[in-house]
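Here the structure is laid out as structure tokens; the discussion comes afterwards.
The values are calculated or read from the model by the stated rules, or taken from the named source; none is laboratory data. This structure is a prediction, so every number in the text was calculated from the model and none was measured. Ideal geometry is used to build each Cβ from the backbone, glycine not excepted, and the neighbour counts take in all protein chains shown. Protein only, heavy atoms only, side chains kept; ligands, DNA and RNA dropped before computing areas. Shrake-Rupley method; radii C 1.70, N 1.55, O 1.52, S 1.80 Å.
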Amino acid sequence: MITLVKNHHGLVADALVARVRDALVCRSNPVIGLATGRTPLLAYATLAAQSRDLPGLDRATFVMLDEYLGLPTDSPDRFANVLRKHVLGPLGLDDSRLVRLNPDAADLGLECERFEGRLRELGGVDLQILGIGTNGHIGFNEPGAHGDSRTRVVRLDDSTIADNTSALISADEVPRYAITQGLGTILDAKEIVLAATGVSKAEIIAELVDGGVDEKVPASVLRHHPNTTVIADQDAAGRLIGHVSEKSHPVSSMQVSR
Ligand code: PGA
């Protein structure tokens, strides 16, 4: 796992966009897994601004990472709607280009199998973008999730529900359940890039980068993955061992390999 520390959120976004551009150019039929949450939104806005100059976009398929259960179809908090608003729409792509997790399916177990089957048909995810929860979740794989778990319905951790209470725009009631790619599903991606910004992520990024693999920190399974990059801003990297703050070390980025 490689860790890149960037001076600010804008440079984290630029680094994410560079990875997406590489995947679009280098892969014959690029399959890109999209996270939601606040962290990647600036990267998505940057991508949108470059929409006329994205080679490979016409061959690309985008894949959802997770989705809430129990929100109305038109809720702005549904992750499919977030991705339509911030990625598909600005890039001029229709819904057929997004492999969705359908929270309205009559049989959610079958829906999870359908989703996994679709990923296999596509030849797997080339580049998976991830954020990280303050409790270490990736997707909605909460602490205790198994490293070989597949796409499934999960109950959200109390800390996630608390984080979401301020983050959700429209929900009268914050969802308690979600459907998520499993940790094993995520690990199947050929390349993974996890972005983290802000001081609220400093503790969990230190556990991820400087700690061991531990079910209490679901993201730590990424240490088993051969091609994962963590990209953090100075605030999120603030508790890393050996971290040098921007003030005393004015470089635009630095790389820490562990
Ligand atoms: P955030 O969410 O980007 O809004 O911090 C990340 C996550 O919970 O996975």
Once phi for every residue in the stretch 228-235 is put through the Karplus expression 6.51 cos²θ - 1.76 cosθ + 1.60 (θ = phi - 60°), the whole-Hz ³J(HN,Hα) values, with Gly and Pro written as x, are 10, 10, 9, 10, 10, 7, 4, 5
Of the convex hull enclosing the alpha-carbon atoms of the stretch 1-80, the direction-averaged projected area in nm² is 6.7 nm²
Percent antiparallel among DSSP beta bridges confined to the chain, rounded to 5, stands at 40 percent
Sorted by chain and number, the residues with a modelled amide H under 5 Å from that of Val31, at a separation of 5 or more or across chains, are Thr61, Asp126, Leu127
Along the stretch 213-220, Karplus-curve 3J(HN,Hα) (6.51, -1.76, 1.60; θ = phi - 60°) to the nearest Hz, with x for Gly and Pro, reads 7, 8, 4, 6, 10, x, 4, 5
Which residues qualify? For Leu194, with a placed amide H closer than 5 Å and at least 5 residues away or on another chain, they are Leu130, Thr229, Val230, Ile231
Taking alpha-carbon centroids only, the stretch 172-189 lies from the stretch 55-122 a number of Å equal to 13 Å
Compactness summary of the chain: radius of gyration and Dmax from Cα atoms, Å, are 17.3, 56
With label points set 7 Å from each Cα along the Cα-to-Cβ direction at Ser96 and Arg52, the distance between them in nm comes to 2.6 nm
Two pseudo-spin positions, 7 Å from Cα along C-beta at Ser200 and at Val213, lie apart in nanometres by 3.0 nm
Calc'd 3J(HN,Hα), the stretch 63-69, phi into Karplus 6.51 cos²θ - 1.76 cosθ + 1.60 (θ = phi - 60°), Hz, glycine/Pro = x, comes to 10, 7, 9, 6, 7, 5, 9
Filtering the chain for DSSP H helices with an axial alpha carbon extent of at least 20 Å and a Kyte-Doolittle mean of at least -1.0 returns 9-26
Residues whose modelled amide H sits under 5 Å from the amide H of Phe140, counting only those 5 or more places away in sequence or on another chain, are Gln181
Computed over the stretch 104-199, the distribution of all Cα-Cα distances in 10 Å bins, rounded to whole %, is 15, 43, 35, 7, 0
From most to least accessible, 1.4 Å probe, no ligand or DNA/RNA atoms counted, Asp210, Asp66 line up as Asp210, Asp66
Residue-normalised 222 nm signal for the chain, counting each DSSP H run of n ≥ 4 as -39,500 (n - 2.57), nearest 500 deg cm²/dmol, is -8000 deg cm²/dmol
